[in-house]
Structure formats: C-alpha cells, structure tokens
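Working notes, beginning with the structure itself.
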Amino acid sequence: MPSVIVLDTLSQEGLDLLDAAPGITYEVRTGLKGDDLRNALAEFDGAICRSGVKITPESLEGNRKLKAIVRAGVGTDNINSAAATRAGVVVMNTPAGNTLSTAEHAVTLMLALSRNVAPAYQGLIEGRWDRAKYMGAQVAGKTLGVVGLGRIGLAVVKRAQALEMRVLGYDPFMSKEKAKELGIEWYEKVDDMLPHVDYLSVHTPLTEETRNLIDIPQLDRLKPGVRLINAARGGIYNEAALVEGLKSGKIGGVALDVYAEEPCTNSPLFGMPGVLCTPHLGASTEEAQTQVAVEAVQLLTDFLSTGQIKNAVNIASLDAKMLEQLRGYLDVAFRLGKLAAGLIPSGLKACKLTYRGEIAGRDTKVLTAAFSAGLLQGAMADDVNLVNASLLLEERGIKLSSEARTDMGAFRSAMSFEIEGADGQKHKATGTVFGQSMPRLVSLDGYRLEAYLDGCLLVFTHKDVPGIIGGVGMAFGEHSVNIGQMAVGRAGDVPGGEAVGILNLDCEPPVAALEAVRKLAAISSAKVIHLPSAGELPAWLQG
Ligand SMILES: NC(=O)C1=CN([C@@H]2O[C@H](COP(=O)(O)OP(=O)(O)OC[C@H]3O[C@@H](n4cnc5c(N)ncnc54)[C@H](O)[C@@H]3O)[C@@H](O)[C@H]2O)C=CC1
Ligand SMILES: O=C(O)CCC(=O)C(=O)O
C-alpha cells in the first residue's frame, strides 16, 4: 500500500483528500531535517512539502523507496532537483494555485509601503498621533516596473493597471507585441527600464540571471526615491545593496516577503525606516493553501495509483491518456533495453533508437527513457526508472541518439535499436506490440522472426540446416528444461545460410544444458537473456 509523508503544514482539505484516497496511508511529520529527514523519506513512497523543508542530496542518500515529491506551491528551489532525478524521484509542483494570492501580496506590500501603514500603526500602539510624519505617496499615475511577466507578474500588472499605474515590463520570454497587447511598455533590458520606474516588483525564479538583479551598480540607474518590492525569491535583490541604497536615500522604500536565507529573523533591514517585511506570506491565504494542497494531493495520489505524471519539473509529463496509449510501447522499450543489455553485457559504447509509424508521432522521449531504464537495470545498484535513466546513461558516457520516422514500415508502429560495444560488436533489433499489450521481437540482427519478448530467452545463432531445433530440444530435455515458445529467423528466403533462434524457456537452464547446446555442430553462439515474464511491468509502469 503506497504511503505518503507530509513534511510541511498542509491545509485540512488536502489532508481530508489523503484520508479519502483508497489504498494510501499518510503521516504528517513537520520540521524534519538532517538524519531525521533522510530516515523519514526512506520510509515513504511519496512526499508533499511546501517551502519549509529543505530536501538536499543528503536527504535522499540511499533512498530506494521514495518515488515522488510534490511541492504544494510554485518554487521547487527547496528540493534539490538534480539529486531527486539521480535518485529516480519525480518532482512535481502546483504552479497556479497561489498565483492570485501572491500577486495580491505584492500589491499589498506596494500600497502599504506607499502609505506607511505599518509604522503609522506602530506609532498609534506607542501612543503617537503622527499624521505629518507618515505622509505617503499615491500610486495612481506612478510607474511600476515588473520583472518577470509569468503567472504572478501578469496578475500584478492587471492589478496595477486597475490602480491606474503605468506599467513597464521585462521578461526574456515575452514578445514586444504580446506586451503591447497587455498594455505593458516592453523593455529589452532590465537595466534600461530601471531609470523610469517609481516602483519595481520582481516575479521571477532565482536563477544565475536574476540573482542580484538589483545590486550596488544598479543603484545609480534607479530613480531617486524608488520603492522596491520582492515577493518572489530572496537574493533577486542584494540585501546589502538595499541597506546601502536606503541609507544613501537613493531608495525610498523596500518591501520584502522573501530573503536570501530563510527563515530570516535577523536582518539589518528590519527596523530601518522605509522598510516593510513579511515572513514569506505571499501564498499564505486559505484560498491558496486549500488549492495547492488539494492539487498536490491529487498529483501524488494519481501518480502513486496510475503512474500519471503532471507538472513535473524533472521529467516530461505523462498524463493518464498518454500513459494508457503508450503503456504497451513503454513495456516494449524497457524489454528491448534489457535485450540490448543482454546482447552486449559490458562495454556498450553507443546506441541508436528508431521509432517508426504511429509511435513516432508520440512522446518518444519517454520511450527512450524506458529503453534506457531497461538497458541499465540490473547493472546498477541504484534503482533505474524513467526519471533517472537518461541521466545515468549520460553520466556513463554512453551516446544515445534517436530518430522518429512517421512513415509506416512493416508494422503500424515499431521501435528498433542499434547498439555498438567498445570491442566493435554490433547488434540491432526491432520490437512491436501485438494487440494491446503483447510485446514481440520482429527482427534480430537483420533476421526476421516473431518471438515473445518475455521470460528467460535463449538467443542462439546457427546454420540454417535440418536438425537444429531437435538437437537443442534434446539437450534441454535431458536437463528437464521445458521450452515454452520458439522462433527462428533467416536473413533471406533460401535455406542453408546463417540464422538466429530464440527459445522462451520455462526455467533457468543449468550450465551443463547450455554447454550441450553450444557443442552442437551447427550452433555458433548461444546466450541466455532474462526479460520480465509475460505481463510483468516495471514498478514505474504499473498502475
Ligand atoms: N512569496 C511567495 O509566497 C511566492 C513566491 N512565488 C515565486 O514567484 C515567482 C514567480 O512565480 P510564477 O509567476 O508562478 O512563475 P512563472 O514561471 O509563471 O513566471 C516566471 C517568469 O519569470 C520569467 N523570467 C525568467 N528568467 C527571467 C529573467 N532573467 N528576467 C526576467 N524574467 C525572467 C519567465 O520567463 C517567466 O515568465 C517564483 O520565483 C515563485 O517561486 C510563487 C508563489 C508564492
Ligand atoms: O508554501 C508557501 O507558502 C511558499 C509559496 C512559494 O514560495 C511558492 O509557491 O513558490
């Protein structure tokens, strides 16, 4: 029964959904870090968090159980995504649930800063009626610069326009035309926009480009008295530069919801005149928390029960419909990967995949990941799945390329591999699905055949002469090895040349049986390759 750990406070509606999820158990354990967090994560199949917990590479060390982490919110920067990918853990988020609340918070900060709401109230608490001291600024008619015109940035733009502000904007992924349509004066560079704004609000992730977007050199470009707001991520404004700008009078006000280090209870900014700070409250409304919690629980329970992947930040999405359509081919891809690993068990150098027919029009990336998972599973101590397979291959320097051809070959859909070992050994094979879910091998090393892609295979090459099947059957019969299925293939239509054979054995053949087969005069090679048994799906494909 899949189990879930809730690592941060989650709204009751989310917990109620977890309670109602059939076949899923959960525990709420908040405030975990270090070893406690690592040990706890190792006990569960899925985790839900907000921004409180920090999931580091150490938190995931040795974890063999966890399959998914869902962030109830937007920013997944508290989850080390690279470590999660390497551990084969899907990371998902709920990007839209807190957009409006966060935009409202940014606007609240802008208005409260302009009207000195916090210090004026503090004055009253302290018994002062300071009307002159807290003269404010009206926002109507002023200019707001917005950096980051995504979900929250655009919601802020709308609200600012309703307040009759002029809005300038910068976002490398927003065209000038689209900005114009939205009533935003578009800038090509953020630095060019700075001298024109009375207010600046940032709504981007923290990246190498956005870190220290406002630093000491930018202070000179700002309009004197500018008010700066950050309800996105700490570090976008350099906090030391903010202190400097406030002291010099260049900056008229600073409102922050987020900090370079969180939690942050001690900052030189706290208490400075013209500063208004909140403890990361952008998404802290009942509405936003209900929405992100419900979405997060749905994402996780869908994933754990059906394998559906939505809003993932470290793997392509795989919705229920696509999963259903691709399940047969994901299975074939995984089995072909295992077959390839059996044909060249060590020293694989390069691999090329070709998708042909209808399947070529689908998400072949996920099929490639499934093939890679098959290729590596068994060789790796780590669990290999759709999330980490491509990364693990890349780390091992194995070159994998793929081609998709929508023209139909002999089958409605087929996928092929060509592999090459370090010793120059080459193999190729093609697989397809018969019906909905019967994986079949339809060619091997250029020989056409029709073999079951399951269980214990004996793959042998031989001369296409009478008596081969009888000889192999006798050798196995003497060792009580039953042959479940059998397929042979020759390159052309004329007998007497080279051929391949594949037997599906009902049990692992003893060494002596294999030796006996290899000794048969017409047999040139024979090897056993293990594939999942018929109908057996890898854990990540079950559901
Ligand atoms: N304070 C809080 O409680 C909350 C904070 N956030 C944070 O707000 C930020 C924005 O969230 P959303 O709008 O939902 O994300 P989004 O992904 O919809 O928008 C981000 C935008 O930033 C733009 N961008 C990226 N690099 C940029 C750069 N160098 N310069 C200018 N623009 C750039 C992107 O093109 C995108 O349009 C995120 O950092 C998120 O973590 C989100 C929710 C709550
Ligand atoms: O969970 C929270 O309250 C933080 C929200 C946030 O920062 C985000 O969604 O990126």
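Derivation of every value follows stated rules applied to the coordinates shown; laboratory data play no part. Just so it is clear, the structure is predicted and the values come from calculations on it, not from any experiment. With ideal geometry, Cβ positions are generated from the backbone for all residues, glycine too; neighbour counts draw on all protein chains shown.
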What size of dipole, in debye to the nearest 20, comes out for the chain about its Cα centre when the only charges are +1 on Lys and Arg C-beta atoms and -1 on Asp and Glu C-beta atoms?
920
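Of the peptides 220-231, 84-95, how do they stack up when ordered by the mean number of other Cβ atoms within 10 Å, highest first?
Values: 220-231: 20.2, 84-95: 23.8.
Descending packing order for the listed peptides: 84-95, 220-231.
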Packing-based order for 175-187, 47-59, 98-110, using average beta carbon neighbours within 10 Å, highest first:
98-110, 47-59, 175-187
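How much mean residue ellipticity at 222 nm does the chain get from its helices, if each DSSP H run of length 4 or more adds -39500 (n - 2.57) and you divide by all residues, to the nearest 500 deg cm²/dmol?
Working: 16 runs with 169 residues, N = 543.
Computed ellipticity for the chain at 222 nm equals -9500 deg cm²/dmol.
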Evaluated at 25 °C and 0.890 mPa s, the Stokes-Einstein D of the range 454-530 based on the Kirkwood radius over Cα pairs, in µm²/s, stands at 198
Lysines near residue 310 by alpha-carbon distance under 23 Å, same-chain residues fewer than 8 away left out - which ones?
54, 65, 67, 321, 365
Would you compute the Debye intensity of the range 318-445 from its alpha-carbon atoms alone, equal scatterers and no solvent, and pass along log10 I(q)/I(0) at q = 0.17, 0.18 Å⁻¹ to two decimals?
-0.81, -0.91
Residue 426: which lysines have alpha carbons under 23 Å from its alpha carbon, excluding same-chain residues fewer than 8 sequence positions away?
338, 349, 352, 399, 463, 527
Alpha carbon centroid spacing (whole Å) that separates the range 17-77 from the range 434-482:
46
May I ask you to list the lysines whose Cα is less than 18 Å away from that of residue 176, ignoring any residue fewer than eight positions away on the same chain?
158, 189
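Counting only C-alpha contacts under 8 Å and six or more residues apart, can you give the relative contact order of the chain as a whole percent?
Details: 1137 pairs, mean separation 60.8, N = 543.
For the chain, the relative contact order is 11 percent.
Can you tell me the FRET efficiency between residue 140 and residue 265 if r is taken as the Cβ-Cβ distance and R0 is 30 Å, rounded to the nearest 0.05? Mind dumping the intermediate values first?
Numbers: r = 35 Å, r/R0 = 1.18.
The formula returns an efficiency of 0.25 here.
Rank by packing, highest mean first: peptides 35-43, 289-297, 194-202, with packing defined as the count of other Cβ atoms within 10 Å averaged across residues. Kindly include the intermediate steps, with their values, before the conclusion.
Details: 35-43: 16.2, 289-297: 24.4, 194-202: 22.3.
Packing order, densest peptide first, comes out as 289-297, 194-202, 35-43.
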In whole Hz, with x marking every Gly and Pro, tabulate ³J(HN,Hα) for the range 250-260 from phi via Karplus 6.51 cos²θ - 1.76 cosθ + 1.60, θ = phi - 60°.
5, 9, x, x, 9, 10, 10, 10, 9, 9, 4
Using only Cα atoms, tell me the angle between helix 239-248 and the longest principal axis of the chain; keep it within 0 to 90° and round to the nearest 10.
20
Please tell me the relative contact order of the range 99-277 in percent, rounded to the nearest whole number, where contacts are Cα pairs under 8 Å and at least six residues apart.
20
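Please compute the contact order of the range 369-493 in relative form: average sequence separation of alpha-carbon pairs under 8 Å and at least six residues apart, divided by the residue count, as a percent. Present the calculation step by step, with values, prior to reporting the outcome.
Values: 116 pairs, mean separation 17.1, N = 125.
This gives 14 percent for the range 369-493.
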If I fit a long axis through the Cα atoms of helix 99-114 and take the longest principal axis of the Cα atoms of the chain, what angle between them do I get, 0 to 90°, rounded to 10?
20
Kirkwood hydrodynamic radius (C-alpha pairs) into Stokes-Einstein, the chain, 4 °C and 1.567 mPa s, D in µm²/s:
48
